[in-house]
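A short write-up of the structure that comes next.
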Amino acid sequence: MKIMTIYAHPADTVTNCGGTLARHADNGDDVVALILTHGGRIHPNKYAEEWRKDDPDEQVVSSGVDDIIENKLDELRRAADIIGIGRLVTFDLDDAMSTVHEEVVDRTAEQIAIEQPDILICDYPLHPAMTANTHTAATMTALAALGRAGTYLKNLDGRAEVNVKQVFFTSLPVFPHDGLSTYGVRNDVLVDITPVVDRKVAAMDCFDSQGYSGPFARKLIESNNGEFGRAAGVNFAEAYYRLYNETHALLPLTEAALAADPLTRHVAYSQVNLRERHPLP
Ligand SMILES: [Zn+2]
C-alpha cells in the first residue's frame, strides 16, 4: 500500500498523522509526504522570540527566507526519518497562501500522478474564513488536484487517470465517542498509535524552531491523541474522517471491537505516562 499526505506546513504531517504513518511504515507500506509551504510564518518562535530579547542573536534575526526554509527542512528531514516517511516533496511556497492557485493544483496533481497512492491524507477542510485557512487552502488544493489527476487522459495529458481509493481527513475538532452524541460530523476511524507513540514524541521534538519540542509535543499527544485514545479504547489514537463510503460484503466488526472488555478498558487505556517516559529535553 502507498500512502500520500498533503499538508500546508512541514510539521502538520507529524502532528496530525505521524503515528499512523509510523505504523504503516513498520508494516512495509510506502509513505510519501507532500508539503506545500515552507511554514516560516506559522509559530515562528525561534525568530520572533529572538527579536524580543534586548541583546538578540545577530545570526538568528538576520536569517532570510533561504535560512528559514533550510532550518525547517532540516527539522522535517529528521522527523521524517524517525517516522519512516520514505519520500519528502516540498514546494516551499510562502505560507501566506490563503486560496487555491491553479498552478499549485497542477503541480500537486502531477505529484499524485507520479506517486499513484492508494490513500491520501490531508486536513479536514474547516471554514476558510478562519485564521488557520492555509490548512483549508492546502486541502482544497489537494482535492482539486485529486480531481484533476483522476481525469487525466493519455491523449490529452500524456498520462492515465489516477485512482486513489480513499481520502482520510485529520484535525476535525470534534470528540464524540459514538454516532449520536452530536448528531453531526465526527471522526469515524481511529488508529491506535500507542506502539509508536515514542516516535511521535521524538519527531515532534525535532520542530524546535516553532516551539513544538518539549512541553507542547507532550501536551498535544497526551490531550488530543489521549482523548481520541479514550474514544478508541487505547492509550493514544489519531482520528480520521473518511471522504468515501466503505463497501463490505458483510456488516463489519473490527478486531478491536471484538477484543474489547468494557469492564477493564478504561484502566487498560490509561497505562502510559508520557511525561515519565519522555522527560523534557
Ligand atoms: Zn500547519
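For the peptides 169-180, 201-212, 243-254, 44-55, residues were scored by their other Cβ atoms within 10 Å and the scores averaged per peptide; the highest-first order is 201-212, 169-180, 44-55, 243-254. Subtracting the Cα-Cα distance of V89 and N45 from 0.36 nm times their residue separation leaves 13.4 nm of extension gain.
I need the helices of the chain that pass two filters: whole DSSP H segments spanning 18 Å or more by Cα along the axis, and mean Kyte-Doolittle score no lower than -1.0. Each step should come with its number before you reach the end.
Working: long enough: 12-26 (20 Å, -0.47); 65-83 (27 Å, -0.21); 102-115 (20 Å, -0.37); 133-150 (25 Å, 0.31).
What comes out of the filter, once short or polar helices are dropped, is 12-26, 65-83, 102-115, 133-150.
By the scheme Lys and Arg +1, Asp and Glu -1, what is the net charge of all other residues having a beta-carbon under 12 Å from that of R242? Don't skip to the end; give the middle numbers.
Values: positive: K165, R186; negative: D188, E246.
Neighbourhood net charge equals 0.
Extension gain for the segment E58 to F175, taken as residue separation times 0.36 nm less the Cα-Cα distance, is 37.7 nm to one decimal.
Ordering L88, T99, L120 by Cα displacement along the dipole of segment 1-139 toward the positive end leaves L120 in first place; charges were set at the Cβ atoms of Lys, Arg (+1) and Asp, Glu (-1).
Which percent of the Cα-Cα distances in segment 12-86 go past 16 Å? It would help to have the intermediate numbers written out before the result.
Values: 1565 of 2775 pairs.
Roughly 56 percent, once rounded to a whole number.
Give the calculated FRET efficiency between L156 and D81 to the nearest 0.05, with a Förster radius of 35 Å applied to their Cβ-Cβ distance. Between L156 and D81 the formula returns 0.35.
From most to least packed by mean Cβ count within 10 Å, the peptides 218-227, 138-147 give 138-147, 218-227. Our estimate of slack between D67 and N163, defined as 0.36 nm per intervening residue step minus the Cα-Cα distance, is 30.8 nm. Across the chain the C-alpha pair distances fall into 5 Å bins from zero in the proportions 1, 5, 11, 15, 18, 17, 13, 9, 6, 3, 1, 1, 0, 0 percent.
Peptides 102-112, 10-20 ranked from most to least packed, by the mean per-residue count of other Cβ atoms within 10 Å: 10-20, 102-112.
If you take every residue apart from K200 with its C-beta less than 11 Å away from the C-beta of K200, what net charge results, scoring Lys and Arg +1 and Asp and Glu -1? Don't skip to the end; give the middle numbers.
On the way: positive: R23, R199, R218; negative: D198, D205, E238.
Neighbourhood net charge equals 0.
Summary of the geometry: segment 182-234 and segment 7-40, compared by the centres of their Cα atoms, lie 13 Å apart.
Taken together, the values in this text are just the output of simple stated rules run on the coordinates, not laboratory data. Remember, it's a predicted structure, so these values are computed and weren't measured experimentally. Note: ideal-geometry Cβ built from the backbone for every residue, glycine included; neighbour counts use all protein chains shown.
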